[in-house]
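A short write-up of the structure that comes next.
The values are calculated or read from the model by the stated rules, or taken from the named source; none is laboratory data. Keep in mind that what you see is a predicted model, and the values were worked out from it rather than measured. With ideal geometry, Cβ positions are generated from the backbone for all residues, glycine too; neighbour counts draw on all protein chains shown. Accessible surface is based on the protein model in full, side chains and every heavy atom, while ligands, DNA and RNA are left aside. Shrake-Rupley method; radii C 1.70, N 1.55, O 1.52, S 1.80 Å.
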2 protein chains.
Amino acid sequence: MTLKELSDLLGLSPTTVSRALNGYPEVSEATRKRVVAAAREHGYAPNTRARSLATGRAMAIGHVIPISAKHEMVNPVFADFIAGAGEVYSRNGYDMLLSVVPDDDEDAAYRSFLTKRNVDGIILHAPTLNDPRIPLLNTLGLPYVVHGRSSDTDAPYSWVDVNNKRAFQRATDFLLDLGHRRIALVNGLEHMDFAIRRRAGYEAALTARGIPPDPTLMYAGEMTEAQGHDLTRKLLARPDPPTALLVSSMITAIGVRRGIEELGLTMGRDVSLITHDDDLSYFRNGADIPVYTATRSSVRDAGRKAAEMLIDIMQGRDTPHHIMLEADLTLGLSTGPATRLAAGTG
Amino acid sequence: MTLKELSDLLGLSPTTVSRALNGYPEVSEATRKRVVAAAREHGYAPNTRARSLATGRAMAIGHVIPISAKHEMVNPVFADFIAGAGEVYSRNGYDMLLSVVPDDDEDAAYRSFLTKRNVDGIILHAPTLNDPRIPLLNTLGLPYVVHGRSSDTDAPYSWVDVNNKRAFQRATDFLLDLGHRRIALVNGLEHMDFAIRRRAGYEAALTARGIPPDPTLMYAGEMTEAQGHDLTRKLLARPDPPTALLVSSMITAIGVRRGIEELGLTMGRDVSLITHDDDLSYFRNGADIPVYTATRSSVRDAGRKAAEMLIDIMQGRDTPHHIMLEADLTLGLSTGPATRLAAGTG
DNA sequence: CCGCTTTTCCAAAGCGCTTTGAATATCCCA
DNA sequence: TGGGATATTCAAAGCGCTTTGGAAAAGCGG
């Protein structure tokens, strides 16, 4: 069913039917009712392609999902972020276009969004230090919002981010308060902006207490379960093992825990652990006390906020273009005073 | 840059330029070269919306991501499935359109794909017993492929699925061979088709050895970490605890393991565990012996296969429209003979 | 009842591409 | 050298919608 068919059916011109459906004032309320009813009855909806050709707007928002070319790894937080964003898109009549590309030719994906004109805006994921995609998007001229920030970047851009530095500073402080002095950092890849900020928070907390950060206690890499495990085994095998670990991902934390328990140690007693928790639906803590003490911030909520911001920008609304989310520090069972392990080994 | 501008630039008609770029034979090789070079130089790519309006093909494939309205849960395997499918789409010039909707009005999303004509085909996720979406899609007339199957459905449809029944039958058999007799099944929601088939495999293996399936050992629910944990605690607190658990998801298995170890028991010695492993990138086992004995089948690979099948169908190629993937049974550290626990409790 | 404004509707152009049908240029061989 | 076949190119229509500019209908005060 096309607009023409529907208008023939109603004995009206396509113009009138179009206006009636799009809520223009130049059509009487009576005919509008009639048109809307007929459209519903015959299941008419305008052909997206024709409409967006005529209007110049694609009514779609693009996401580029980079796949680590080396490790074929897909970031597990994407699913929840996209769930949040998608919710907002649906409510506002936008489609979500996903482009899955190896992370070494992401640029092409953005350019193609522009040349093919199939999206009106873009969400940029997983920004790195001085991310080259930001100047690229600025030259392309497509509205976009970054999920995260990019340190050392001059160019202006809109973003939604968690206060990663403060979160990890607070977490480290908390561990220090518990008496821990050797605290390991198990972080994401070091060119990732969130990892940089988390490290900054961690180092700031240590330095504030006069403890020089120990590079051998700091790890940066892919956040898989296996990495968490292997690394923990290595760290705890040292003559001077850390008494606490600060971890950047729930999935890595699970591996860390496995490593701890394989050694017959108990998390929260022998070794403390704080993890960042993106509040992924399938890892959500039950009603009782959380297993992991965590810096928690819902990535799904970030998705919603980023989507809303982007839509605002595309509609020219002059909203604040930065949203800083504060992570909760939620107390769980994985942390405890450092004394016991210190006593055990000392 | 539009086609017209490019053709003016070249002193050719839009027709010729279009044909040159689309590889039609009615254009001399010399001009084709010239056109292609100019297009590349000026960064010309046809406007998707105009092109698909003219051709009638959207060059996009739709996925509906249902969010459990009750639990706000997003299926963690989606990310990897989509990564696999997206890879194939990119290679073939298709876009991926995602529609995130609460799972109680999914139908509307499919209908809207049709009326808005913004996709050429659909991938159907997470089919249930006698899934109503299959007849719906058959009436809509859009090509589609189901990731999974739908038991008790008469209507024909194309699918890519894992042989869930055989996988769980083999896994159960393996546990039986190890001497286990009380084997718990921790399954997904019972209206999900994969859960039904896995249970069928589990029951078939038991029955074949004359062991009547015990309904109190069979659980069906959301596959979260917390559920796995809570359930395990309950099961192991029974006077007649199971000596082994067969679990439908890696994430649940992690919770199960937590439950086991909280009781001071050791997985693989005191309690055995086999899980289904979708080979998600961030849970991938390292090079050494896997932690979990598992029925393993890459969901990313399933995504690739489903995408290829759908594209074949859309192009009218008469390929086989069913692909049954066999899961590996990979031996890990989480399984062992039943004797010890039996000795301990008996 | 007339001339004016306001309301309501419509014809036609145009968005940027593909594709049909026709026109022109080129070729080959008698 | 001419005429038919073949290789190139092009003009124009059309995909289904929105939107400009205008026409017809209705309302209104004098």
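Structure values in brief
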{"quantity": "Tally, over the stretch A:25-42, of residues that are outside any helix (DSSP H, G or I) and hydroxyl-bearing (Ser, Thr, Tyr)", "calculated": "1"}
{"quantity": "The stretch B:75-84: number of residues that are more than 7 Å from chain A (Cβ to nearest Cβ) and touching an Asp or Glu at 6+ places or on another chain (Cβ under 9 Å)", "calculated": "3"}
{"quantity": "Residue list for the stretch B:14-35, filter: near DNA strand C (Cβ under 6 Å from one of its atoms) and either open to solvent by less than 70 Å² (accessible area, probe 1.4 Å) or within 14 Å of chain A (Cβ to nearest Cβ) (or both)", "calculated": "B:14, B:18"}
{"quantity": "Index of the failed condition, residue B:153 passing every other in (1) crowded, with 24+ Cβ neighbours inside 10 Å; (2) of a type in the set (Val, Ile, Thr); (3) part of a loop (DSSP other than H, G, I, E, B)", "calculated": "(1)"}
{"quantity": "Out of A:68, A:99, A:112, sole residue that is free of Cβ contacts under 8 Å to residues at least 24 places away in the same chain and of a type in the set (Ser, Thr, Tyr)", "calculated": "A:112"}
{"quantity": "Which numbered condition residue B:72 misses (of (1) in contact with a helix residue (DSSP H, G or I) (Cβ under 7 Å, 6 or more places away or on another chain); (2) at negative phi; (3) open to solvent by 30 Å² or more (accessible area, probe 1.4 Å); (4) within 10 Å of chain A (Cβ to nearest Cβ))", "calculated": "(2)"}
{"quantity": "Selection within the stretch B:245-277 - farther than 14 Å from residue B:330 by Cα, hydrophobic (A, V, I, L, M, F, W, C) and in a helix (DSSP H, G or I)", "calculated": "B:251, B:253, B:254, B:256, B:260"}
{"quantity": "Answer from B:122, B:183 - the residue that is touching a helix residue (DSSP H, G or I) at 6+ places or on another chain (Cβ under 7 Å), of a type in the set (A, V, I, L, M, F, W, C), open to solvent by less than 30 Å² (accessible area, probe 1.4 Å) and within 14 Å of chain A (Cβ to nearest Cβ)", "calculated": "B:122"}
{"quantity": "Scan of the stretch A:4-13 for residues that are away from chain B (no Cβ under 14 Å), near DNA strand D (Cβ under 9 Å from one of its atoms) and in a helix (DSSP H, G or I), ordered by number", "calculated": "A:4, A:7"}
{"quantity": "Filtered residue count, the stretch A:231-262, keeping only those that are more than 14 Å from chain B (Cβ to nearest Cβ) and open to solvent by 50 Å² or more (accessible area, probe 1.4 Å)", "calculated": "4"}
{"quantity": "Candidate set: the stretch A:202-229, residues that are within 16 Å of residue A:189 (Cα to Cα) and in a helix (DSSP H, G or I); chosen: the one farthest from the other protein chains (Cβ to nearest Cβ)", "calculated": "A:215"}
{"quantity": "Answer from A:89, A:44, A:94 - the residue that is away from DNA strand D (no atom under 16 Å from the Cβ), within 27 Å of residue A:315 (Cα to Cα) and either more than 7 Å from every other protein chain (Cβ to nearest Cβ) or open to solvent by 10 Å² or more (accessible area, probe 1.4 Å) (or both)", "calculated": "A:89"}
{"quantity": "Lone qualifier among A:50, A:108, A:60 - being at the interface with chain B (Cβ under 9 Å from one of its Cβ atoms) and out of contact with any helix residue (DSSP H, G or I) (no Cβ under 7 Å at 6 or more places or on another chain)", "calculated": "A:60"}
{"quantity": "Lone unmet requirement of (1) near DNA strand D (Cβ under 9 Å from one of its atoms); (2) crowded, with 19+ Cβ neighbours inside 10 Å; (3) not in a helix (DSSP H, G or I) for residue A:1", "calculated": "(2)"}
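Residue by residue, here is whether (1) open to solvent by 30 Å² or more (accessible area, probe 1.4 Å); (2) more than 25 Å from the chain's Cα centre (by Cα); (3) free of Cβ contacts under 8 Å to residues at least 40 places away in the same chain holds:
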| residue | (1), (2), (3) |
| --- | --- |
| B:190 | yes, no, yes |
| B:194 | yes, no, no |
| B:210 | yes, yes, yes |
| B:229 | no, no, yes |
| B:264 | yes, yes, yes |
| B:267 | no, yes, no |
| B:270 | no, yes, no |
| B:283 | no, no, yes |
